[in-house]
Structures are given as C-alpha cells and as structure tokens.
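Accompanying notes for the structure given below.
The values are calculated or read from the model by the stated rules, or taken from the named source; none is laboratory data. Here the structure is a predicted model, which is why all the values come from computation and not from measurement. In this analysis, Cβ positions are derived from the backbone assuming ideal geometry, glycine residues included, and neighbour counts consider all displayed protein chains.
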Amino acid sequence: MKNIILTGDRPTGNLHLGHYVGSLKSRIELQEKGDYEKYYIMIADTQALTDNAKNTDKVRNNLIQVAIDYLSAGIDPNKVCIFIQSQVPELFELTAYFMNLVSVSRLQRNPTIKEEIKQRGFSNTLPIGFLNYPVSQAADILAFHANVIPVGEDQLPMIEQTNEIVRAFNNTFGNVFDEVKALLPKNKVCARLPGLDGKIKMSKSAGNAIYLCDDEKTVKEKIMSAYTDPNHIKISDPGKIEGNIVFAYLDAFATEKHFEKYLPEYRNLKELKSHYQKGGLGDVKVKLFLNNIINELLTPIREKRKELEQNVDYVYELLFKGSENAREIAGQTLNIVRDAIGLNYQKLLNKK
Ligand code: TRP
C-alpha cells in the first residue's frame, strides 16, 4: 500500500525554528522522497478556534502567515495539497459520527489534553470543542485514509485516540478504516527544541522563539541573549553543555559543512564541545557561529517570504484549490461512512 500522508498545524502564530526542525524539515524531505500516493497539509483553523473562540481575528490572520511560512520554507504546492480545515465541512460530519464512539472520560484521560487544560486554566470553562478536538483530529486524518502522520511527540495521544476510533468504528459498522502511524522527528533535540530561555520548549506563548520570518538583526539579538551556562563567566572557565541552549541548537542545526565554512579551527561539534567543556572557549564565539548557521538557513526563506507577501492572493487561491481537492476526497469517504452507518436514505426509495 502506498502512503497517504497528512499533517497539520494550528494557525495561532508564525512558525519558528522548533516547528522547522520538529516537523517542517522532515515534511520537505518526505516531499522530496516522493514515496506517497497523496500528501496533505492541513491548516487547522477550526481546531485553533477551540481555545480561541473570541480570537477569530488572530486565527484568520495567522492562517495566511502559516501558509506563507510553508511555501517559503520549501513546501511545494504541486506535490502537497495544502488546505484549510474549516473549508472542508465533511470533516465536521465525520467528527459528529465519531463523537458517539468516544467517552468524555476517555478524552479527559488524554495526556496532551489534560496538560493543555491545565496550561489554559480551563476548569469550569472548558469548551466542549476543546475537549473534543482529538476526535475531530481523528476525522481530519481518516477522512483522507491517511496512514502516515508526521507529528511531534505531544501528538502521540491523538494518534492513539485515532486508532481507538478506527477499531470502534470498524467493530460497530464494518471495516472502513485502517490504523494509522505517527512519524516522529529523528532525534530528541529536534522533537523538542528548547526555547531561548532554556526553560521549556520553544513556543510562541512562552516568548522564547526564533521565527522563520525574523530579520537578521532580530535573530542575532535573540541568539546573543540565549541561555548558556551561567557559571561560565570567564573564557577560561570550563563550560557546561547540558542545558546550554546554544549547544542544543548546534545539535539540531550544525553540520560539518558549517564548520568548514564558518569555524574551520574545529572539524565538528564534538571538538567544539570538548573545548568548551575544558575551558578557553567563549560564549560569543559559539553564538556567532550559531548565528551564521541560522542565517544561512533563514535567508532564502526570508526572500521567498518577501515575494509571497507581494502576492497574497496567489496564496489564498492555492489554499482554496487545495480545499476543493480535499473536499472531493473527504466527500467520497463520507459516502462510504454513511453507507456503513446506515444513513443512505436514498437507498430506501422504492424506485419504480
Ligand atoms: N493538533 C495538531 C497540532 O497542534 C494540529 C493538527 C490538527 C493535526 N489536525 C491534525 C496534526 C491532523 C496531524 C494530523 O500540532
């Protein structure tokens, strides 16, 4: 069976380096490998509304930003169908059927949901839509019969929930869906890139992110302020690598080619780390090296972004076309689903 890939993001902010190494980069690699029958990337605006009910402006404005981020980072609309969740109403019909197969208490036990409810301070104010988003996410995936889902590790409970829905649906109504697989980032730093402050993972809400759209000056300022080793005061002091954000980013981004080009005194990251640990290597030098690497990555992305910002209509048209394609596929699935459930009333007509 050929792969059908589907993944998505909530449009609540511009994409940052955490998104880049955690998902965008491998999405582009998948796109180039070409080992798939269909490849969808969904901008999950409806899901974003589940905790932004009154912030529709934010969701709407970020939708186009996220689309521009995808395209400038190298997602190719000729290879990938990029679509808008809300523009595919079939997804919500499928969600409605799935909702009857999942209990409230099961959703409340979903570890990601549990954590997010805590973070958002929802207690008596928990919206049904928010609690239900894993069910809706299962519909996003299954409407396209997607079987490969590139996501971060925080999304594993959603994949598990999807597979439970697959089993419940098939047991109740006959075999319609196949179980799905998560595709996780290859290494640990990439799966959970820490924020500039070194405290938690890079995120918009924590204000500790470097965005793909940040200009050169901003990137440099952010890197220069990144958390390193607070006890590494004099250059001659031995430095610590663990918890040192600059080294975490180098783990995620630096290659031997970068050393050749920007820091030829060292062959690789191992040599740089060992010098830092021994003492005699200052933070500024390491930070400037990182700054070169990040700018090399972001310069072409910024240029492409500038072009697209001049041509926003083109981006919208692309999303509309993608959404139309997605509707057609989801519509076919919904016919099968209604049939399986027994809701195809047309069949009951006594045609003469
Ligand atoms: N919940 C995902 C996130 O926050 C976004 C998403 C929505 C998604 N629907 C999806 C991801 C379907 C993969 C598949 O990142």
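Scoring Tyr97 on the criteria (1) within 12 Å of the ligand (Cβ to nearest atom); (2) assigned to a helix (DSSP H, G or I) leaves a single failure, condition (1).
Here is a yes/no grid of residues against (1) hydrophobic (A, V, I, L, M, F, W, C); (2) in contact (Cβ under 8 Å) with a residue 60 or more places away in the chain:
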| position | (1), (2) |
| --- | --- |
| Ala143 | yes, yes |
| Ile159 | yes, no |
| Glu164 | no, yes |
| Ala168 | yes, yes |
| Val180 | yes, no |
| Leu183 | yes, yes |
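Criterion applied to Asn78, Asn52 was being over 23 Å from Arg192 (Cβ atoms), surrounded by fewer than 21 Cβ atoms within 10 Å (Cβ to Cβ) and out of contact with any helix residue (DSSP H, G or I) (no Cβ under 9 Å at 6 or more places or on another chain), and the one residue passing it is Asn78.
Residues that are part of a loop (DSSP other than H, G, I, E, B), in contact with a strand residue (DSSP E or B) (Cβ under 7 Å, 6 or more places away or on another chain) and not aromatic (Phe, Trp, Tyr) occur at least once in segment 68-77.
Within segment 1-51, restricting attention to residues that are of a type in the set (S, T, N, Q), within 12 Å of the ligand (Cβ to nearest atom) and part of a loop (DSSP other than H, G, I, E, B), the residue that is modelled with the highest pLDDT is Thr50. Only a single item in (1) free of Cβ contacts under 8 Å to residues at least 60 places away in the same chain; (2) near the ligand (Cβ under 10 Å from one of its atoms) is not met by Gly152, and it is number (1). Filtering segment 106-144 to residues that are outside any helix (DSSP H, G or I), closer than 21 Å to Ser86 by Cβ, in contact with a helix residue (DSSP H, G or I) (Cβ under 7 Å, 6 or more places away or on another chain) and more than 12 Å from the ligand (Cβ to nearest atom) leaves only Asn132.
Restricted to segment 179-194, and to residues there that are out of contact with any Leu (no Cβ under 9 Å at 6 or more places or on another chain) and at pLDDT 95 or above, the residue that is farthest from Val246 (Cα to Cα) is Glu179. Restricting attention to segment 200-247, the residues that are hydrophobic (A, V, I, L, M, F, W, C) and closer than 28 Å to Arg10 by Cβ add up to 11. Selection of segment 334-352 for residues being surrounded by 14 or more Cβ atoms within 10 Å (Cβ to Cβ) and touching a helix residue (DSSP H, G or I) at 6+ places or on another chain (Cβ under 7 Å) yields Leu334, Val337, Ala340, Ile341.
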